[in-house]
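Here the structure is laid out as structure tokens; the discussion comes afterwards.
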Amino acid sequence: MRKFLLYSSALVASGLLNSGVAEAACIKTPTCSSLGYESTTSCTGGLKCPFGNAWNCTLVNKITELEKIIEKNQAEEALKNCKIGDILYSDMSCNANMVASKTPIGVVFDTTNGLAIAKDEFKNLTWGPNVDISGIQNYSTNTTATADWQGFNNTKAIYEYRKTKGGSFQAAEKALVYSTEGTSQGQWYLPAAGELKAISDNKDVLNTTLSKIGGQTFSNYLWTSSEKDSTNAFILSSSTLGSDTKDIYANIRPVINFISKDKIDVGAVFCNVGNILYSDKKCYLEGFTAGKTPIGVVFDSQNRKAIALEKPSLLNWVVRFKRVNIPGIPDMDETQAKQDFNGKANTAAIKAYNSDLSDFPAAKYVYNYKTTGTNVGDWYLPALGELYKVSQNKYAIDKALLSLGKSGLPWGEEYKYWSSSESSEGMGADDFAWQLNMNGSEINDNYKDREFNVLPVLAF
């Protein structure tokens with residue numbers, strides 16, 4: 001402890017200090033703990049001890065507690081004015097009648113917990129692969145499943161599983177990325193069996209309000225977020241709760257808790273085959289997402305790869321009558337080439353061989369291709385393995401392209417696509433590279449100076 005010795009100038013002047021009569025006066029500096037700085041770790045909004053590493057978090061904790069009390073009171077007050085079938089507006093207020101100055105976003109179906117359904121319904125989505133999601137309780141019967149009102153937590157568990165282990169969970173994903181005026185992604189979720197049963201029990205009054213606000217009335221086949229086991233999830237069919245395999249197509253109706261500030265952080269975005277890739281490198285299901293710029297369609301979710309949206313261009317692999325074997329690209333037979341997923345490296349090898357790519361029209365086109373959010377050199381000529389994967393997912397890709405008003409991938413006998421993989425067969429890599437026909441994924445090697453379709457690919 002620091003001590004401050006105060007010497008009296010008067011005592012010094014009188015000589016009493018030397019005689020031992022004087023005493024030193026000591027004042028102890030207060031400790032951090034004595035002043036209320038009791039926390040050893042920092043806290044947001046807290047006060048730091050001016051002469052130590054302790055913190056006073058009491059004030060910030062009290063403010064947090066007060067905020068919770070205020071939020072609870074506000075929620076209770078809000079619910080007093082809400083009835084089942086009321087319109088939910090973007091300012092989270094409820095009213096039985098249309099209010100011209102407000103934007104309707106849903107319809108209230110539960111006034112105990114403050115729950116509402118979205119105006120919109122989304123069709124033809126699968127629940128997911130045959131996995132048992134940890135964090136979601138399994139229910140053995142339709143009756144017991146109605147006890148599940150944990151739709152928000154279920155949806156969050158699906159999201160966490162998808163982030164770490166992958167897989168396509170279209171129903172939950174579509175609910176998570178849904179947003180409206182006054183709401184953001186992560187607030188809406190896939191309702192649990194109990195929640196969807198409550199919605200169904202009030203279907204008539206909810207449909208009446210949906211029609212009033214220009215929303216979509218209920219369909220007969222809706223997914224819940226509740227699981228039966230690794231293969232089956234619960235589904236509402238014609239007002240009856242049952243279960244079905246997770247790979248079938250059904251519809252979803254997002255739900256929101258309009259008195260809660262809980263939100264699932266969807267920063268790590270889903271990127272499944274057939275999702276649209278946007279300029280911020282985030283992925284969503286088919287169709288435009290407001291305020292974002294689409295740049296591609298995902299064809300490989302595991303390795304995060306997408307094809308460009310533009311119609312493929314007809315180009316030569318190499319200029320006419322030029323024979324060349326690119327150093328850095330292995331010469332491969334068909335079996336080997338189908339395992340080649342190194343299109344980015346292959347394209348880089350071509351550029352290293354011919355820096356301005358003047359002799360390589362296909363590689364030059366993809367290398368110089370760019371979009372909002374991407375630069376020259378980001379896109380590349382796919383290797384045969386990548387191109388084969390595109391062809392295997394052509395249906396999902398075309399569905400996404402068509403939803404954007406684009407044409408599907410050209411296919412047929414006349415629609416062959418260049419890969420960046422060189423051939424070791426026939427006349428060898430000096431003259432031949434591998435190409436693929438989208439019609440049945442037929443593979444052949446062909447003369448490099450011939451014109452075939454060129455499709456830019458992006459690893460994001």
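The values are calculated or read from the model by the stated rules, or taken from the named source; none is laboratory data. What you are looking at is a predicted structure, and each value in this text was computed from that prediction instead of being measured. Note that we place each Cβ from the backbone using ideal geometry, even for glycine, and neighbour counts take in every protein chain shown. Calculation scope for accessible area: heavy atoms of the full protein, side chains included, ligands and nucleic acids excluded. Shrake-Rupley method; radii C 1.70, N 1.55, O 1.52, S 1.80 Å.
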Notebook entry, point to check: Mind checking which pairs have a first residue in region 34-48 that is in contact (Cβ under 8 Å) with a residue 12 or more places away in the chain and a second that is not in a strand (DSSP E or B), Cβ under 6 Å, 6 or more apart or different chains?
Noted result: Tyr37/Cys49; Tyr37/Ala54; Ser39/Cys57; Cys43/Cys57; Cys43/Val60; Gly45/Val60; Gly46/Cys57; Gly46/Val60
Check: Are there any pairs with C-beta distances below 9 angstrom linking a residue in region 351-377 that is under 19 Å from Phe452 (Cβ atoms) to a residue that is surrounded by fewer than 12 Cβ atoms within 10 Å (Cβ to Cβ), with the two at least 6 apart or on different chains, and if so which?
Finding: Lys364/Asp356; Lys364/Ser358; Tyr367/Val376; Asn368/Val376; Tyr369/Val376
Next item on the list: Just need a number here: residues in region 202-235 that are assigned to a helix (DSSP H, G or I) and either in contact (Cβ under 8 Å) with a residue 12 or more places away in the chain or under 26 Å from Cys283 (Cβ atoms) (or both).
Entry: 7
Item checked: Whichever residue in region 155-196 is among the basic types (Lys, Arg) and under 20 Å from Phe258 (Cβ atoms) and, among such residues, is nearest to the chain's Cα centre (by Cα) -> Lys174
Check: Residue check: is Gln336 closer than 30 Å to Leu402 by Cα and either open to solvent by 10 Å² or more (accessible area, probe 1.4 Å) or among the hydroxyl-bearing types (Ser, Thr, Tyr) (or both)?
Finding: no
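When only residues in region 237-254 that are outside any strand (DSSP E or B) and of a type in the set (S, T, N, Q) count, which is surrounded by the most Cβ atoms within 10 Å (Cβ to Cβ)?
Within region 237-254, the subset outside any strand (DSSP E or B) is 238-239, 246-249, 253-254.
Next, from what is left, pick out any that are of a type in the set (S, T, N, Q): 238-239.
Details: Ser238: 9, Ser239: 11.
The extreme case among them is Ser239.
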Check: Failed condition for Val376, given (1) surrounded by 15 or more Cβ atoms within 10 Å (Cβ to Cβ); (2) touching a helix residue (DSSP H, G or I) at 6+ places or on another chain (Cβ under 6 Å), with all others met?
Finding: (1)
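Can we say Ile259 is within 26 Å of the chain's Cα centre (by Cα) and not in a loop (DSSP other than H, G, I, E, B)? Reasoning before the result, please.
Values: within 26 Å of the chain's Cα centre (by Cα): yes; not in a loop (DSSP other than H, G, I, E, B): no.
No: the conditions fail for Ile259.
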Next item on the list: Go through region 339-368 and give me each residue that's within 31 Å of the chain's Cα centre (by Cα) and open to solvent by 30 Å² or more (accessible area, probe 1.4 Å).
Entry: Gln339, Phe341, Asn342, Lys344, Ala345, Ala348, Tyr365, Tyr367, Asn368
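Regarding Ile199, is this residue over 26 Å from Gln137 (Cα atoms) and at pLDDT 95 or above?
no
Looking only at region 134-159, which residues are open to solvent by less than 70 Å² (accessible area, probe 1.4 Å) and assigned to a helix (DSSP H, G or I)?
Our first condition is that a residue be open to solvent by less than 70 Å² (accessible area, probe 1.4 Å); within region 134-159, this holds for 135-136, 138-139, 141-142, 144-146, 148, 151-152, 154-155, 157-159.
Hits for region 134-159 are Asn142, Thr144, Ala145, Gly151, Phe152, Asn154, Thr155, Ala157, Ile158, Tyr159.
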Checklist line | Complete set of residues in region 166-215 that are open to solvent by less than 30 Å² (accessible area, probe 1.4 Å) and among the charged types (D, E, K, R) | finding: Glu173, Glu195
Margin query: Anything in region 314-338 that is closer than 22 Å to Asp378 by Cα and in contact with a helix residue (DSSP H, G or I) (Cβ under 6 Å, 6 or more places away or on another chain)? List them, or say none.
Written below: Leu315, Asn316, Trp317, Ile326, Gly328, Ile329
Check: Given (1) under 24 Å from Thr209 (Cα atoms); (2) in contact with a helix residue (DSSP H, G or I) (Cβ under 9 Å, 6 or more places away or on another chain), where does Lys102 come up short, assuming only one miss?
Finding: (2)
Checklist line | Of residues in region 406-458 being open to solvent by 20 Å² or more (accessible area, probe 1.4 Å), of a type in the set (S, T, N, Q) and assigned to a loop (DSSP other than H, G, I, E, B), the one farthest from Phe341 (Cα to Cα) | finding: Ser407
Notebook entry, point to check: How do the pairs read when you match residues in region 168-195 that are over 25 Å from Ala145 (Cα atoms) with residues anywhere that are crowded, with 20+ Cβ neighbours inside 10 Å and charged (D, E, K, R), using Cβ under 9 Å and keeping only pairs 6 or more apart or on different chains?
Noted result: Val177/Lys282; Thr180/Lys119
